[in-house]
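Here you go, one structure.
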Amino acid sequence: IISSVNWSGCCVVAIRKLMLRWTRLPSSARTLRLASTRVRVASNEETYLSSIASESLTVVYFTAAWCGPCRAIAPIFDQLADEHTNAGFLKVDVDELSEVAADANVSAMPTFHFVKQHKLLDTVVGADPEKLRATVQRHAGTM
């Protein structure tokens, strides 16, 4: 015989724990930011290829769900996409599109490629917000 579970009680406890953790964070860390709607997610190789064929700059963010530094830099990438509307921003999950990542010679995450008309202009490897900002500014500003 399977006994019934009080799911609402479990959910209330989980929510209370999350709220307690949330209130312990400094106020600057408690700001919620939604992901940018300007960032496209490459669901297949065709999306990737059409994005890097663009005449305007495309910043390609190679990431993985299990990558901690990738999760840390993601809000910065979203913010840059909102700030630089003259460039395209594309997110590629290396586990979902492993052949694309291999063809792009990506060996570490996060990796950012700056591409225009299939030509690789620059690469940033690692979760360095200042280096990423400077590189986006350098390439997006020259368009």
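The values are calculated or read from the model by the stated rules, or taken from the named source; none is laboratory data. Every value quoted in this text rests on a predicted model; they were computed, and no experiment measured them. Positions of Cβ are backbone-derived with ideal geometry, glycine not excepted, and every protein chain shown enters the neighbour counts. Surface accessibility is based on the protein's heavy atoms, side chains included, excluding ligands, DNA and RNA. Shrake-Rupley method; radii C 1.70, N 1.55, O 1.52, S 1.80 Å.
Please list the three semi-axes, largest first and in whole Å, of the ellipsoid equivalent to segment 43-143, using sqrt of 5 times the eigenvalues of its alpha carbon gyration tensor. Walk me through the numbers before you get to the answer.
On the way: eigenvalues 69, 57, 25 Å².
The equivalent ellipsoid of segment 43-143 has semi-axes of 19, 17, 11 Å.
I'd like the accessible area for V59, computed on protein heavy atoms only with a 1.4 Å probe and all protein chains in place. Round to 10 Å², please.
0 Å²
Using protein chains only and a probe of 1.4 angstrom, how many square angstrom of S50 are accessible, to the nearest 10?
Estimated to the nearest 10 Å², S50 gives 70 Å².
Would you rank K131, K119, K91 by solvent-accessible area, highest first, keeping every protein chain in place and using a 1.4 Å probe?
These residues rank, largest area first, as K119, K131, K91.
Residues of segment 110-129 with backbone nitrogen within less than 12 Å of a virtual label 7 Å along the Cα-to-Cβ line of A102, please, listed as ranges.
From segment 110-129, the list is empty.
I've got another one for you. Could you tell me the accessible area of T111 in Å² (1.4 Å probe, neighbours in place), rounded to the nearest ten?
For T111, solvent-accessible area is about 10 Å².
Right, next: In nanometres, what is the gap between the two model label sites at R138 and K119, each 7 Å from Cα along Cα-to-Cβ?
With each label point 7 Å from Cα toward Cβ, the separation is 1.6 nm.
Another question about this same structure. P(r) of segment 56-95 in 10 Å steps, Cα pairs, percent per bin?
30, 53, 17, 0
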